[in-house]
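**Q** Take this structure first; my questions come after.
No value in this document is a laboratory result; all are computed from the given coordinates. Predicted, not measured: the structure shown is a model, and the values here were computed from it. Cβ sites come from the backbone with ideal geometry, for glycine too, and all protein chains shown count toward neighbours.
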Amino acid sequence: MTSLHPSTARRAVRPSDTSVRYQKIAEDLEVKIRAGVYPVGRALPAEDSLACEYAVARGTIRRALATLNSDGTLIVRRGSRWVVRSAPMPRDLTVLRSFGQWAMATGQAFSARTVSLKRGRADATESRELGVRLSSPVLRMVRVESIDGRPIMIKRTTFPERLIAVVEAVPADARSLMEVIGRTVGLALASGENRIGAMLANAADRRLLELDGPEPLLQLVRSAHDSTGRAFELSDDRYLADSVNFTLMNSVEGRSARIG
């Protein structure tokens, strides 16, 4: 990563008027971001480092960063650091496919890894959503899915007993769980119900998404059904709020979405 030499930075912000200084610093940082000096997903130097680089007070740097963040399209606050953000990727929820299938279909550099796989007993929510008896065997999986090597989403999925052995055999680094299951047992996603919400990342979310502090997440809870109407998974997907936005197409003929 390259940066302006301190003497160059001093010349760039030589005017004594503070408003001119922070505006020029903001402009310089924007040029560097757009040129890829500070890559998408990476943190900017700390405020103290930037203050030293540009030979100004820390308060001036804070004003410059606030200016740079005024429209929310270039940088985003994560904990104590400012991070270069990417443009949110629109995901059409009216098309029935997993995040992995969507990412690969749109040409994204997608990867995924399973971080936890545990057998358990269905709780009340899992029993209702999966149509299984309370305390019947289930399999709970946690996966982290990434774009361009950056963790974007945590997928927590519960599967009914009939799929336990199938899912346990899926490679941990399989990019699309649905495609592997489909090839193995001929199961295909035919319908689903999506419930959209928002939340702050908890400690486990922060660890898996490599966040420094609490960040807003978009939450998508989905129950998926096969062609017979039988539920085969219940997922709680949590996305970085600055990485994805959801689009829904409705019509007067009856296609609609429940948000809540």
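**Q** Which three semi-axes in whole Å describe the equivalent ellipsoid of region 92-209, each the square root of 5 times a Cα gyration tensor eigenvalue, listed largest first?
**A** The answer is 23, 18, 15 Å, longest axis first.
**Q** About the Cα centre of region 89-247, what is the dipole size in debye to 20, counting +1 per Lys and Arg Cβ and -1 per Asp and Glu Cβ, all else neutral?
**A** 420 debye
**Q** Ok, one more. Farthest toward the dipole's positive end in region 89-247, which of L240, I181, P160, given Cβ charges of +1 (Lys, Arg) and -1 (Asp, Glu) about the Cα centre?
**A** It is P160.
**Q** What list of ³J(HN,Hα) values in whole Hz, one per residue of region 131-144 in order, does the Karplus curve 6.51 cos²θ - 1.76 cosθ + 1.60 (θ = phi - 60°) give from phi, with Gly and Pro shown as x?
**A** Result, ordered by residue: x, 10, 6, 4, 6, 6, x, 9, 10, 10, 10, 10, 10, 10 Hz.
**Q** Per Stokes-Einstein, at 10 °C and 1.306 mPa s, what whole-number D in µm² s⁻¹ belongs to region 98-151, with the Kirkwood radius over Cα pairs as the hydrodynamic radius?
**A** Result for D is 122 µm²/s.
**Q** Another question about this same structure. To make sure I understand the rule: partners must be lysines, Cα under 18 Å from the Cα of K155, and not fewer than 8 residues away in the same chain. Which ones qualify?
**A** Straight-line reach from K155, under 18 Å: K118.
**Q** Once the piece of chain linking E179 and R230 is laid out straight, how much longer is it, given 0.36 nm per residue of separation minus the C-alpha distance between them?
**A** Gain on extension, E179 to R230, equals 16.6 nm.
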